[in-house]
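Okay, structure first, notes after.
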Ligand SMILES: [Zn+2]
């Protein structure tokens, strides 16, 4: 799923959480992609290669995926792994002494990504490093999917802010 939609869904899910949990939960729902892609975005700007990101479309995703440096995929493996999330969650729980609810923002990101990424463009390595299996989901860049996702989000936000 695109990063804006990740943030909007997390905002809905954490809407009744205490302010700190809400803010951290929303930030953590963006973290898996920000950590994986921001270094490469900066690198693309420095090397003047950033224009390729403006040409992402349904037909060019496979092409794009091949041009992304391999180290981005290694970071992506780490940030989109449920086993690693469980380890991080357990450590945070042990340190904090209470359930770190905000961490579910990160898990939500991984779970949502599984069916919304096809094998052509960053399929979700959710079992890494235990298994390299990746589910072949729908491409979130597909127009019908984008429209459907934002229509559903809009419906939730309207219900939340207008029809209460
Ligand atoms: Zn992601």
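Annotations
- Length gained when the stretch residue 132-residue 3 is fully extended (0.36 nm per residue, less Cα-Cα span): 44.1 nm
- Among 124, 116, 20, sorting on how many other beta-carbon atoms sit within 10 Å of each Cβ, with the fewest leading, yields 20, 116, 124.
- Cα point-scatterer Debye curve for the range 63-128, base-10 log of I(q)/I(0) at q = 0.20 Å⁻¹: -0.81
- The range 1-36 and the range 88-114 have their alpha-carbon centroids 12 Å apart.
- Considering all different alpha carbon pairs of the chain, the Kirkwood hydrodynamic radius works out to 17.0 Å.
- The chain - percent relative contact order, Cα under 8 Å, separation 6 or more: 28
- Convex hull of Cα atoms in the range 1-95, direction-averaged projection (nm²): 7.8
- Every helix of 4 or more DSSP H residues in the chain counts as -39500 (n - 2.57), and over all residues that averages to -20500 deg cm²/dmol at 222 nm.
- Residues residue 119 and residue 161, FRET efficiency given R0 of 41 Å [Cβ-Cβ distance, rounded to 0.05]: 0.60
A short reminder: the numbers here are calculations on the coordinates, not readings from a lab. Source: prediction; values computed, not measured. Cβ atoms come from the backbone with ideal geometry, glycine included; neighbour counts cover every protein chain shown.
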